[in-house]
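See below for the structure under consideration.
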Amino acid sequence: MIEIRWAQLEDNQELGLVHSEAYRNAYQGIIPDEYLNQVTSKVREEYFHTVLTQGEEHVAIALIDKKTVGCIVLKACSDDDIQSHSGEITAIYLLQKYRGIGLGKTLLKWGIEKLKTFGCTTVAIWVLRENPNAIRFYEKQGFVRDGAERLISRGKELIQFRYLWSVKGMEH
């Protein structure tokens, strides 16, 4: 049975394990191994402890039969060039063996619905140019590239494209 719920502080260890494994898997061949090897469960566990304590970002976990298999992180969008009622999905990750079964779509829709309840009318997500699978996934879910790009450093310089989903005319 699939369950999606808000993460609690005691979930940070499971979040660290799932996020680090899913992150390394998702970016294998895109981000250098030297960088990926630093994304350990302990490092991510500390990150989630901080996030769950501060409360600026909202973290949810996806469980199948009570086992944590994915996560999504939501927050108010910090991009200055888009409207104030915008939310952002800063992370969405699933363990490899749970991909391709519709769970990502379910988790994404859940996140969008939560952002809508927070008053967001637009949802932003940044996607690596070198990640065509993620680009196809978000486009299938109604996200549209708006032309914004940014440079990030993850052991090398990478370009991210911004994709937006708008409530107007795109109700799910």
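The values are calculated or read from the model by the stated rules, or taken from the named source; none is laboratory data. Predicted model only: the values in this text are computed from it and were never measured. As a convention, Cβ positions derive from the backbone with ideal geometry for all residues, glycine included, and neighbour counts pool all protein chains shown. Surface areas here come from the heavy atoms of the whole protein model, side chains and all, with no ligands, DNA or RNA. Shrake-Rupley method; radii C 1.70, N 1.55, O 1.52, S 1.80 Å.
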Treat each spin label as a single point 7 Å out from the Cα along the C-beta direction, and report the residue 166 to residue 63 distance in nm.
3.8
Members of 140/168; 67/97; 67/116; 42/156; 75/140; 42/109 lying beyond 20 Å, as alpha-carbon distances in this model show:
67/116; 42/156; 75/140; 42/109
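Keeping every protein chain present and rolling a 1.4 Å probe, give me the accessible area per residue for the range 27-167 in Å². It would help to have the intermediate numbers written out before the result.
Working: 7240 Å² over 141 residues.
For the range 27-167, the per-residue accessible area is 51 Å².
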Just check the range 91-134 against the gyration tensor rule for me: Cα atoms, a ≥ b ≥ c as the square roots of the eigenvalues, rounded for a/c under 1.5, and otherwise prolate or oblate depending on whether a/b exceeds b/c.
oblate
Compute the distance in nm between two label points, each set 7 Å from the Cα along the Cα-to-Cβ direction, one at residue 144 and one at residue 34.
4.2
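Roughly speaking, what is the stretch gain from residue 43 to residue 23, that is 0.36 nm per residue apart minus the C-alpha to C-alpha distance, in nm to one decimal? Could the numbers behind the result be given before it?
Working: separation 20, 0.36 × 20 = 7.20 nm, distance 1.23 nm.
Net length gain for the segment: 6.0 nm.
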Which value in nm describes the separation of the simple spin-label points at residue 6 and residue 159, placed 7 Å from the Cα toward the beta carbon?
3.9
Can you bin the chain into rounded, prolate or oblate? Criterion: square roots of the alpha carbon gyration tensor eigenvalues sorted a ≥ b ≥ c, rounded for a/c under 1.5, prolate for a/b above b/c, oblate for the rest.
rounded
Could you work out how far the C-alpha centroid of the range 132-150 sits from that of the range 1-34, in angstrom?
21
How long is the gain from residue 152 to residue 53 if the chain were fully straight, where each residue apart is worth 0.36 nm and the alpha carbon distance is subtracted?
33.0 nm
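From the Cα gyration tensor of the range 20-60, with a ≥ b ≥ c the square roots of its eigenvalues, which class applies: rounded if a/c is under 1.5, or else prolate if a/b is larger than b/c, or else oblate?
Values: a/c = 3.08, a/b = 2.19, b/c = 1.41.
Prolate shape, in that a/c is at least 1.5 and a/b is the bigger ratio.
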What helix-only [θ] at 222 nm does the chain give? Using -39500 (n - 2.57) per DSSP H run of at least 4, over all residues, to the nearest 500, the answer is -10000 deg cm²/dmol
Per GNM of the chain with C-alpha springs under 10 angstrom, the most fluctuating residue out of 114, 42, 156 is 156
Longest segment of the chain with no GluC sites (Glu not before Pro) in a DSSP loop having at most 13 other Cβ atoms within 10 Å?
57-170
